Amino acid sequence: MNYVLLLGAGFSRNWGGWLASEAFEYLLGHPAIRDNMAVRPLLWKYCSSGGFESALTDVQDAYLRDPVVSKANLESFKVPYRRCLRK
């Protein structure tokens, strides 16, 4: 049997999920992001082109290039997601 996963604004909203703009606002307000002077500007950089997913990709790519320097930035992104998953 094949399974199909449907994703998108209409699907996520109908099932209680957040829209990308809501996730973006949540991340900007979260202390782990708000207090990180490297990650917060990335969110604003990608605000109108790719959103928080592109900012996360940028942070993940930086981590792959230099884990020592970029670990704190990647951890800043993980903290808000852990909280969302617990709800």
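The values are calculated or read from the model by the stated rules, or taken from the named source; none is laboratory data. Quantities reported herein were computed from a predicted structural model and do not represent experimental measurements. Every residue, glycine among them, receives a Cβ derived from its backbone with ideal geometry; neighbour counts consider all protein chains shown.
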| task | Using the structure shown, decide if Arg40 is modelled with pLDDT of 85 or more and of a type outside the set (Ser, Thr, Tyr). | result | yes
| remark: Quick count over the stretch 24-56, residues being more than 13 Å from Glu75 (Cα to Cα), in contact with an Asp or Glu (Cβ under 9 Å, 6 or more places away or on another chain) and assigned to a helix (DSSP H, G or I), is 2
